[in-house]
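To keep things clear, I will list the structure first and then write my remarks on it.
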Amino acid sequence: ATAAGRGWRPIEGAFRCRDRYECPEGELQTCGAGRVGRACAECQDGYTPWHSGMCSECTVGDSVVPILFLCAATAAIIFGSLFLVVDRSHTSAGTITTVLVAGQTVWGIQALSSLAAMGFVFPRPFNWLLRAISFLNFDFHMLNLGCVLSSTHAGAIFGAVLLMYPAMLAAAVAVIWLRRMLGRAVHIARAVDFNGSLLCALYLALTAKVLHPFLCWSNPDGSKTMVHDPNILCWDSDAHISLVGVSIMGVICYPVFILALCIWATWNYPSWIISQSGLVYFKSFAFLFGKYKRERYWCGVAHMIRNASIALIPIAFADIAWLQGPAVGAVIIISSQLTSDVMRSRLANALERAMYSLLSVILIAMGPLLQTSVDDVQSRLGTLLFVFALSILLFGACAVFYGISQILRPKDRYDAFLCHHKASTGAFARFVKIGMEAKTRLKVFLDSDNLQDVDKLFDAVRLQTRALVVLLTPQLLRRPWCAGEIVTATVTKVRKVPVICDKAFSFPNVMDLKSFSCLWDEAEWEMLKRFGITLTDITAAYRDLEGMPSISIDRSGTSVGQLDAVVQVATTCSGVGFNTARWAWSADDVGASIVVVGDTEDCESLAVCHILEMLLLLDTMKATSVIRDIEAARLHGPTATWWVVVLTAGVLWKPNFGNALLELGARAVSRAGSLTFRSVALVHADPAFAFPDRFMLSRWESQGLTMDGMDSSSGARLAKLYTFLLRFIAIPITPHGSDAVLTVQVQSIAKRLELSVSRFEIRTWASGEWDVVKPTASIQDSDTMCAMPSDLVQGSVQNEFDKVPFENQFNVAEHQLNVPMA
């Protein structure tokens, strides 16, 4: 047998060996001690492979090794099942970091073990190390199977390996079933998450293993044999054809199906994270998204493609060993560039960088191990260096041309331009943009985000817009800027999509249109005339818009119904159909952890609540729901841990708002015996909201609140509830501001929810009365929290905020936060 990679002439009956330890130098057909068969690939009966490549006679201890391995693997699966079915939201950051690091370590060992499939002859002790860790790639030759099994036929071993995952899954199902029998049922999402974690951990090993029958190399006699079992002739034996058939089924069931499922989940991720029902799907695929930063959610699929590429390279270049190392190195370098610092843990990011660096060094050091002639080395290295040098020139040229194209190409085009009246639909327009971009991936223009110069507003409609979405309300057509946008779209043949957002809307008649000449002042008409827009143009554009089919959105409806209508608008804008099917699970099935309570009777206030619902769901990945009425409070009260109370003009006097708060408290009391505010975030969403002064608060405490449909006892309890809530510092939010400002503000709310455990004191509400529970020096109960002094509610001033006069406390609350204001 000749060395790997060396050129040869056809020699009948000569086969290529895997390394010089199995086929030592000497006469032909000379095998290492204890080895027999074609290319010395098998051990004699009663012998087992040894780390040196030779085979040693089986002893009693050798028979124990596979049994111990089986027991250890079973224990690992059971332990993993017990650990991974735990709700990750209740897992400490240190535990999550440890799991991430352990998973990366397993991947690093699998990647290192995959080097054994390349056409290199590795010296000792590196060769010993590769053999020792080969079991992580499902190579069980070192487990002394020949000392336990009567037959170690390649087909039987290959089939048994492919059944390893179903066996592991069966063990995990047994553990989950046992937990359920003991009264500790596991949610379906956690079970799916565990299964995905198992598949991701084994993806590289499974992919490499199922492709083994396709990994063949050429022999000196012109035939081909399997690299991992040289006894089998490739494509010329029934054994290999059978293995290929089993391999094809394995490829479909494992790498292809797993990758396709993860690509599907990644594609749907933006829609899931703004959908209450989609949150269950997100939890099911936490193994794919949970370990990465939110904006780099796609890195899970990128890492799986990396693993599949590492497994495929030895097969694609089986007879071109000199190209295998550079190819794997290119995959590692590209992956390191695309997925740098994507983990949520700094330690995990550091470990990933270290593994990429070490693997690159190992690949460089493997170069001299390639067994080939000097002439071949010079020729192939010259070709390789030429390709790399040419790539530098090509990449540089491409970068220059791309920069020039960025200068010359027209401005970014938007799929939809939202024409709206800011005062009446500003918050709703923000909701429409968030929903449309997340559920359909269309690019949407909203003046708060994309407009820097108001004089270029009409240019954006004329040059950068594919469709103008007109959010029709009674005030919209009476605004000169909105009129100019509609006229510009009509003149330039931009598609218009009328969306009726108010049942009271109607198009103006002839007399109304004539009155427009008196409706706008001289400066507004001068602005329109500067762009060549006249009253005749406005009349024609309005008549054209009136004759177009419209879409209706009920602004007082649920966020789910509104998002379905938004998808319909997106379909009309782009001409592409989008999936509006409801998910199998709804938010009502799982209950909300975060509840948003606000004025749901006013459409703009409800839009603010829906915006917070989606953005908090996106930022915290916890089920979030808007409490619209008492029924919703009864549904989500038992599961609501965090309250976000939205303050808008007149909300404190809305019976629906007050009754919802009282019902939420009552549900919490029925669950825990008392109402414990673990987290409360007060949100100031309307500049017109007036914080009550101390005289009004005193009157509330003494006389209670009087509202329609509320008795005196409920009014008294609500007065105490309001008095308590208004002691919190309100976080400002500007729904009419830019996306960047809104994002920072929502993150501040999420941060308040996280930090409130250590900032606010326990307050309980039992029997309709508010009580203050003083924190003790020893805290043992998990629901107990320390925070501000207990006399905060009783009027004593001890913190910096209390240094401000009482009547001015709530007016200066916005200045205590580093959050931009509108």
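Quick notes
- Selection of first residues in region 739-750 that are closer than 14 Å to Val680 by Cα and of second residues that are open to solvent by 60 Å² or more (accessible area, probe 1.4 Å) and modelled with pLDDT under 85, restricted to Cβ pairs under 6 Å at least 6 apart or on distinct chains, gives an empty result.
- Residues satisfying the stated conditions in region 538-564, i.e. within 17 Å of Ile500 (Cβ to Cβ), of a type outside the set (S, T, N, Q) and open to solvent by 50 Å² or more (accessible area, probe 1.4 Å): Arg543, Asp544, Glu546, Gly547, Met548, Pro549, Asp554
- Close pairs from region 316-328: first in a helix (DSSP H, G or I), partner open to solvent by 40 Å² or more (accessible area, probe 1.4 Å), Cβ under 7 Å, at least 6 apart: Trp322/Arg380; Leu323/Phe317; Gln324/Phe317; Gly325/Gly367; Ala327/Phe317
- Candidates Leu528, Leu513, Leu535, Leu519 - the one that is over 21 Å from Phe428 (Cα atoms), touching a Phe, Trp or Tyr at 6+ places or on another chain (Cβ under 9 Å), among the aliphatic types (A, V, I, L, M) and open to solvent by 40 Å² or more (accessible area, probe 1.4 Å): Leu535
- Within region 212-225, the set of residues being out of contact with any His (no Cβ under 7 Å at 6 or more places or on another chain) and either hydroxyl-bearing (Ser, Thr, Tyr) or open to solvent by less than 20 Å² (accessible area, probe 1.4 Å) (or both) comprises Cys216, Trp217, Ser218, Asn219, Pro220, Ser223, Thr225.
- Long-range neighbours under 9 Å by Cβ, at least six apart or interchain, first residue without any contact (Cβ under 8 Å) to a residue 40 or more places away in the chain within region 518-531, second assigned to a helix (DSSP H, G or I): Arg530/Asp455
- Any hit, region 211-234, residues being acidic (Asp, Glu), part of a helix (DSSP H, G or I) and farther than 16 Å from Arg18 by Cβ: no
- If only residues of region 680-719 that are among the basic types (Lys, Arg) and surrounded by fewer than 19 Cβ atoms within 10 Å (Cβ to Cβ) are counted, the one that is nearest to the chain's Cα centre (by Cα) is Arg694.
- With respect to the stated conditions, Val244 is over 26 Å from Leu347 (Cβ atoms), without any contact (Cβ under 8 Å) to a residue 40 or more places away in the chain and open to solvent by less than 20 Å² (accessible area, probe 1.4 Å).
- Yes/no for Thr488 being modelled with pLDDT of 90 or more and either farther than 30 Å from Ile627 by Cβ or surrounded by 14 or more Cβ atoms within 10 Å (Cβ to Cβ) (or both): yes
- Every listed requirement among (1) open to solvent by less than 10 Å² (accessible area, probe 1.4 Å); (2) modelled with pLDDT of 90 or more is met by Lys433 save one, (1).
- Answer from Trp235, Trp177 - the residue that is at pLDDT below 85 and either touching a Phe, Trp or Tyr at 6+ places or on another chain (Cβ under 8 Å) or of a type in the set (A, V, I, L, M, F, W, C) (or both): Trp177
- Cβ pairs under 8 Å, 6+ apart, first in region 396-417 and closer than 30 Å to Leu472 by Cβ, second at pLDDT 85 or above and open to solvent by 100 Å² or more (accessible area, probe 1.4 Å): Pro410/Leu463; Lys411/Leu463; Arg413/Arg466; Tyr414/Arg466; Asp415/Arg466; Ala416/Arg466
- Residue in region 345-363 that is crowded, with 17+ Cβ neighbours inside 10 Å and more than 23 Å from Asn137 (Cα to Cα) present: yes
- For Ile305: the one exception among (1) β-branched (Val, Ile, Thr); (2) out of contact with any helix residue (DSSP H, G or I) (no Cβ under 6 Å at 6 or more places or on another chain); (3) in a helix (DSSP H, G or I); (4) open to solvent by less than 10 Å² (accessible area, probe 1.4 Å): (4)
- Every test in (1) buried (at least 18 other Cβ atoms within 10 Å of the Cβ); (2) among the polar types (S, T, N, Q); (3) over 39 Å from the mean Cα position of the chain (by Cα) is passed by Thr473 save one, and that test is (3).
- Top-ranked residue in region 105-138 [being within 20 Å of Glu22 (Cβ to Cβ) and touching a Lys or Arg at 6+ places or on another chain (Cβ under 8 Å); ranked as modelled with the highest pLDDT]: Ala116
The values are calculated or read from the model by the stated rules, or taken from the named source; none is laboratory data. The shown structure was predicted, so the numbers you read here are calculated from the model rather than taken from an experiment. All Cβ positions, even for glycine, are placed from backbone atoms using ideal geometry, and neighbour counts span all protein chains on display. Each accessible area value is taken on the protein alone, full model and side chains, heavy atoms only, with ligands, DNA and RNA left out. Shrake-Rupley method; radii C 1.70, N 1.55, O 1.52, S 1.80 Å.
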